[in-house]
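Notes follow the structure.
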Amino acid sequence: MSIVSWIVVGGLAGWIAAMIMKTDHSLVKNIVTGIIGALIGGFVMNLLGSHGVTGFNLWSIFVSLIGSVILIAIVNLAKGRS
C-alpha cells in the first residue's frame, strides 16, 4: 500500500474507532491511531491464520478498525478510564 493509502485507511479507521470508543481526537491522532491499529490488526489476523491489511479495501479498513479499537482500549486502561 502506498503512503497515501495508509493515511486514508488510517484516518478512516481511527475516526470510526474514536466514535465507537467515544473519544475526541484530532485528525492527526485519528490517522496515527488508525495506522498503528492497522499494524496491530494485521498482527492479530496473522496470528489467527488470516490475512491482515492487504490494500485499499473494506477488509483492510475492518482490520485497521479492530486494531484501532484495541489500541484505544489499551490506552484507556493505561490511563485508568474504561
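The values are calculated or read from the model by the stated rules, or taken from the named source; none is laboratory data. Source: prediction; values computed, not measured. Glycine also receives a Cβ, built like all others from the backbone with ideal geometry; neighbour counts cover every protein chain displayed.
I'm checking my understanding of the structure. Among residues of the range 56-77 that are free of Cβ contacts under 8 Å to residues at least 24 places away in the same chain and of a type outside the set (A, V, I, L, M), which one is nearest to residue 14 (Cα to Cα)? Outline the logic, then answer.
We begin by selecting, within the range 56-77, every residue free of Cβ contacts under 8 Å to residues at least 24 places away in the same chain; these are 57-59, 62, 74-75, 77.
Now drop any that are not of a type outside the set (A, V, I, L, M), which leaves 57, 59, 62.
Values: 57: 15, 59: 15, 62: 11 Å.
Among those residues, the one meeting the criterion is 62.
Would it be correct to say that residue 1 is outside any helix (DSSP H, G or I) and either among the aliphatic types (A, V, I, L, M) or modelled with pLDDT of 85 or more (or both)?
Numbers: outside any helix (DSSP H, G or I): yes; either among the aliphatic types (A, V, I, L, M) or modelled with pLDDT of 85 or more (or both): yes.
So residue 1 fits the description; yes.
Which residue out of 53, 44 is in contact (Cβ under 8 Å) with a residue 24 or more places away in the chain and surrounded by 18 or more Cβ atoms within 10 Å (Cβ to Cβ)?
On the way: 44 fails: surrounded by 18 or more Cβ atoms within 10 Å (Cβ to Cβ).
Among 53, 44, only 53 is in contact (Cβ under 8 Å) with a residue 24 or more places away in the chain and surrounded by 18 or more Cβ atoms within 10 Å (Cβ to Cβ).
Just the residues that are surrounded by fewer than 18 Cβ atoms within 10 Å (Cβ to Cβ), touching a residue at least 40 places away in the same chain (Cβ under 8 Å) and aliphatic (A, V, I, L, M), please, taken from the range 1-11. Step through it out loud before you land on a result.
Here is the first cut: in the range 1-11, the ones surrounded by fewer than 18 Cβ atoms within 10 Å (Cβ to Cβ) are 1-5, 7-8.
Filter once more, keeping what is touching a residue at least 40 places away in the same chain (Cβ under 8 Å): 1, 5, 8.
Within the range 1-11, 1, 8 meet the criteria.
Yes or no: residue 68 more than 13 Å from the chain's Cα centre (by Cα) and assigned to a helix (DSSP H, G or I)?
Numbers: more than 13 Å from the chain's Cα centre (by Cα): no; assigned to a helix (DSSP H, G or I): yes.
Taking the combined requirement at face value, the residue does not satisfy it.
Being crowded, with 21+ Cβ neighbours inside 10 Å and in contact (Cβ under 8 Å) with a residue 24 or more places away in the chain is the filter here, so list the residues in the range 19-34 that pass it. Please lay out each step first, then the result.
Of all residues in the range 19-34, those crowded, with 21+ Cβ neighbours inside 10 Å come to 30-31, 33-34.
Result: 31, 33, 34.
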